[in-house]
Every structure is written in C-alpha cells, then in structure tokens.
Amino acid sequence: MTHPSTEWVLDQVASVVTDVEDTYTRDVPDGTPPVRVRRVDRDTSRIWDGDGTLDMSTPIRERSAALEKGVYIGVQYAESAEEPIGTEYDLDKEVVVGVRLEGLTSQGGEWGHVDPEGADGVPWHGPNGFLRRVKAAIYAGREYPDADPDVGFTHLTLANEADQSSNYADYYRTDFDVVFDGFETL
C-alpha cells in the first residue's frame, strides 16, 4: 500500500513529466521518442504512470535496459516520528519520504535520456536541469501540503541531498528526502 505522503510527492512532480517530455528530444536515427520521465512508487515497485514495473533496488547493470527508456523519479516512504504536545492527545508529527532520481546519459547517441548540454536529452544539473525541476515542483507545495488526510502538515523541507552522479561515467543519480512537518489530533 502506498503511503499518502508518497502519493502526494508523486502527484506533485507530474508537471515535471509533462514539461520535460514537451521540451527535450533525443536525436536518435531510429525515431526513438522524445525524452521520457517515469514516476515510480518504490514502496510497490510500480510505475506510477501505469505502464509497467521497475524494481528500483535492482543493481544498475541489471536494469540498464529500463533506464534506456527514460529518466526516473522514484519515491518511497522512509519513516515518521511523533511526539506528544500539550495536555490533549495531539502529536507533533514528522514524515520523511525518500526521492531517488535516476537516468543514463545519451552521450554516444543511443542509450539514455540525459545530456549535460540539453541538446540530446534533458540536462541533469543547472538552471533547466532535471534535478532543479523536480525540487521546484515539490517546493511549489511546501506550505500546508495536503499529504495525509489525518495530519495537518504546515510545511515541508528537502534534506540529505546526495548526488552520486560523479561515481559513474554514464549513470546519473541523486537522492534526497522530503520532510513533512505538522500536527495530528487523535
């Protein structure tokens, strides 16, 4: 079952899917479609857009064929913490959702959907980069995010960003957490 906060993040980045697919193309002779973005519910290993499954825990070498089909936004419920407040049965609540962005470079002309220059795929870093687009889409809902019907969240922050793209020649990956903060009345 998907946690409501996970669903909220997946829905929040829907605009990135449309924007990237409308803006960037790939120059591949066989008529390969434009850059594709897929949202993945990592709790269930399902593509959120409804067209297949992808186990994000599988090593990159074993799922490179899937990463050749697009860039991925994987979202997974990580943890929650709560602390009683006041004399009533109220809780100060924090929920953490992990986000993983992954893609392969298109350098060489036929593999992935990421291009640092943006000419043959989406750039990863920079002002129009995939990473910045995803973070901006999430931050657009940072005040009073409606991410759980039982919790009145007041805000969210992004934390623990880890860009691991420099560890590989053609594989791009960045992880970060979305931290929701709010109150729950029992």
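Readers should treat all values here as calculations from the given coordinates under stated rules, not as data from a laboratory. All values derive from a computational prediction rather than experimental measurement. Ideal geometry is used to build each Cβ from the backbone, glycine not excepted, and the neighbour counts take in all protein chains shown.
Scan around ARG36 for amide H atoms under 5 Å from its own, H built in the peptide plane at 1.01 Å from N, and keep only partners 5 or more places away or cross-chain.
Long-range HN contacts for ARG36: VAL71.
Select from the stretch 107-186 those GluC sites (Glu not before Pro) which occupy a DSSP coil region and have at most 11 other Cβ atoms within 10 Å, ordered by residue number.
Details: sites: GLU110, GLU117, GLU143, GLU161, GLU184; in loops: GLU110, GLU117.
Sparse-neighbourhood loop GluC sites (Glu not before Pro): GLU117.
Count neighbours as other Cβ atoms within 10 Å of each site's Cβ, and list the chymotrypsin sites (Phe, Trp or Tyr not before Pro) in the stretch 97-169 that are DSSP loop with at most 15 such neighbours. Please list the in-between numbers first.
Numbers: sites: TRP111, TRP124, PHE130, TYR139, PHE153, TYR168; in loops: TRP111, TRP124, TYR168.
Those satisfying the criteria are TYR168.
With Cβ to Cβ distances under 14 Å as the rule, what net charge do the other residues near SER166 carry (K, R +1; D, E -1)?
Numbers: positive: ARG173; negative: GLU161, ASP163, ASP170, ASP175.
Here the charged neighbours net out to -3.
Restrict the search to the stretch 69-109; then list the GluC sites (Glu not before Pro) that DSSP places in a loop and that have at most 10 other Cβ atoms within 10 Å of their Cβ.
Details: sites: GLU79, GLU82, GLU88, GLU94, GLU102; in loops: GLU88.
Here the GluC sites (Glu not before Pro) that fit, given the DSSP loop and packing criteria, are GLU88.
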